[in-house]
Amino acid sequence: MPTAPGGVRGADGRASAGPPVRDDAVPLGVLVGAGVVRGWRAVRWFVTSMMGDTAYATFVEHQRREHPGDPVPDERTFWRERFAEQDRTPGSRCC
């Protein structure tokens with residue numbers, strides 16, 4: 001009796017083209033799509049972090065956790081002070 005490539009036979013003894021397909025197998029398209037979404041989220045996180053888009057939210061979180069009694073400045077004041085500090089110490093940035 002001839003066998004399939006690799007000599008794989010099914011449970012009924014007939015030649016099989018490969019390993020049996022599981023009923024709970026996830027389609028390749030779903031896996032690829034999930035990988036693309038995960039990759040896009042990682043790129044978005046990296047770019048927004050590098051651009052400073054999350055700086056105020058990170059500052060507020062730190063301020064509330066480490067200095068719970070201190071007032072938290074509004075976002076406009078935060079950015080004004082941050083840019084003033086960068087102007088005073090230009091070595092802390094690339095340009």
Checklist outcome for this item: Treating every alpha carbon of region 27-88 as one equal point scatterer without solvent, the Debye formula yields log10 I(q)/I(0) values at q = 0.13 Å⁻¹ of -0.54
Checklist entry - Once you list every other residue whose beta carbon is under 13 Å from the beta carbon of VAL30, what net charge do they have if Lys and Arg are +1 and Asp and Glu are -1? => result 0
Next on the checklist: With the crude spin-label approximation of a point 7 Å out along Cα→Cβ, what separation in nm comes out for VAL60 versus PHE46?
Outcome noted: 2.8
Next on the checklist: I'd like to know which of THR48, GLY35, HIS67 lies farthest towards the positive end of the charge dipole of region 27-88, counting +1 on Cβ of Lys and Arg and -1 on Cβ of Asp and Glu.
Outcome noted: GLY35
Next on the checklist: Give me the extension gain from HIS67 to GLU85: residue separation times 0.36 nm, minus the current Cα-Cα distance, reported in nm with one decimal.
Outcome noted: 4.4 nm
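Rule-based calculations on the coordinates, nothing more; no lab input. This one's a predicted model, so the numbers in the text were calculated from it and none came from an experiment. Virtual Cβ from ideal backbone geometry, glycine too; neighbours counted across all protein chains shown.
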